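Just below is one structure, and these are the notes that go with it.
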Amino acid sequence: MKQYLSLLTAVVLWTACHPSTASNSTPAAETTVPVPASTSEQPIDSFRIGNKQFLVYSLTKSSFGPATELDYESAEGSQLTREAAKVQRQGDSLLFTLKNGKTAVLANSKNPAIDEDYAVYYYAGYQEDLQQHLAFGSYYESSDYLLVNPSNGKQTHLWGIPYLSPDKQFVICPSFDLEAGFNNNGFELYSYENGNVKLLGETDLQHWGPGQIKWVDAHTLEAEYQTMDTAMNIHTKPVKIIMQ
C-alpha cells in the first residue's frame, strides 16, 4: 500500500519561525526572551557541522509554548493572496514570477509511474528575512522545504524550516525523525549573503533530535532536545546550543 505522507497534519514549528509577511511568524521587532542560565557548565552533548562545533547545555526552563500544527493545504490560499503578484497556482503547478522576467515552476506529480516520484508542493509564504519564497514538499515517504529565489528561480531543498541568525550570517534547518527514519534527523547549516544560501554542512543525530528552535544571539540557540523511549514516547527538555 502506498504510504503517502499526510499533508493535513504536518507539524511545523511556525510560532518560532523567522519573520514573513506571508505567515504568522514572530515580527522582527519582538523582544527576545532571554535564555535561562544552564544548569551545568559542562555540555551534555556536542555535534559538528562543517567547520562549526556546537555544544549543547541543559536549561532549567524553556521559553517555548506548545508547537503549532499547520495544515499547508488549507493555509496556502491566504499565502497566495498575500503574494498574488509574485506567485500563482494553476492546477497542480505553482508559478513564480521572477525579477528577471522568467517564470519558475513547481509541478506536482500525484500519479507517477514510480511511487518514489510522487511529489506535492504547497506555497508557504515569502520569507522577508531571507528574501526568498518558501514551499513545503510532500513525497512518497518523506517531506522537506524548498526556497525559491525570486531573482533567478533557483530552488534549494532544505531539511526543515530555515532560521536566519540575528547577524544574518547563517541559516540553520532542524529536522526531527527518530521514529520512522523517512526524513533526516538533525541539522543543516547554510551561509547567507545577499539573499543567497550556500550549504556549509549537515549532521544526522542518532540519539536525539531537535524540536522547536530559535536563535538567541549570533552564536546561541535555544532548542528542544527530544528523545524517544522504547514505547515510542517522545521526551523533551530545554537546551542551549552554542555555536563555536
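Among the criteria (1) of a type in the set (S, T, N, Q); (2) assigned to a strand (DSSP E or B); (3) open to solvent by 60 Å² or more (accessible area, probe 1.4 Å), the one Asn100 does not fulfil is (2).
Quick grid of which residues meet (1) closer than 30 Å to Val120 by Cβ; (2) in contact (Cβ under 8 Å) with a residue 12 or more places away in the chain; (3) surrounded by 16 or more Cβ atoms within 10 Å (Cβ to Cβ):
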| position | (1), (2), (3) |
| --- | --- |
| Gly50 | no, yes, no |
| Gln53 | no, yes, no |
| Ser62 | no, yes, yes |
| Ala67 | yes, yes, yes |
| Leu70 | yes, yes, yes |
| Glu73 | yes, yes, no |
| Gln88 | yes, no, no |
| Gly91 | yes, no, no |
| Leu94 | yes, yes, yes |
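When residues in segment 106-135 are screened for being open to solvent by 10 Å² or more (accessible area, probe 1.4 Å), assigned to a strand (DSSP E or B) and either aromatic (Phe, Trp, Tyr) or within 30 Å of Asp167 (Cβ to Cβ) (or both), 3 of them pass.
Against the condition touching a helix residue (DSSP H, G or I) at 6+ places or on another chain (Cβ under 8 Å), under 30 Å from Gln244 (Cβ atoms) and modelled with pLDDT of 95 or more, how does Phe64 come out, does it pass? Taking the combined requirement at face value, the residue satisfies it. The set of residues in segment 141-160 being part of a loop (DSSP other than H, G, I, E, B) and either open to solvent by 40 Å² or more (accessible area, probe 1.4 Å) or out of contact with any Lys or Arg (no Cβ under 8 Å at 6 or more places or on another chain) (or both) consists of Glu141, Ser142, Asn149, Ser151, Asn152, Lys154, Trp159, Gly160.
Remark: His235 matches the filter, which requires a residue to be surrounded by fewer than 16 Cβ atoms within 10 Å (Cβ to Cβ), in a strand (DSSP E or B) and more than 15 Å from the chain's Cα centre (by Cα).
The values are calculated or read from the model by the stated rules, or taken from the named source; none is laboratory data. Here the structure is a predicted model, which is why all the values come from computation and not from measurement. As a convention, Cβ positions derive from the backbone with ideal geometry for all residues, glycine included, and neighbour counts pool all protein chains shown. In case anyone asks, the SASA skips ligands and DNA or RNA and just uses the protein heavy atoms, side chains included. Shrake-Rupley method; radii C 1.70, N 1.55, O 1.52, S 1.80 Å.
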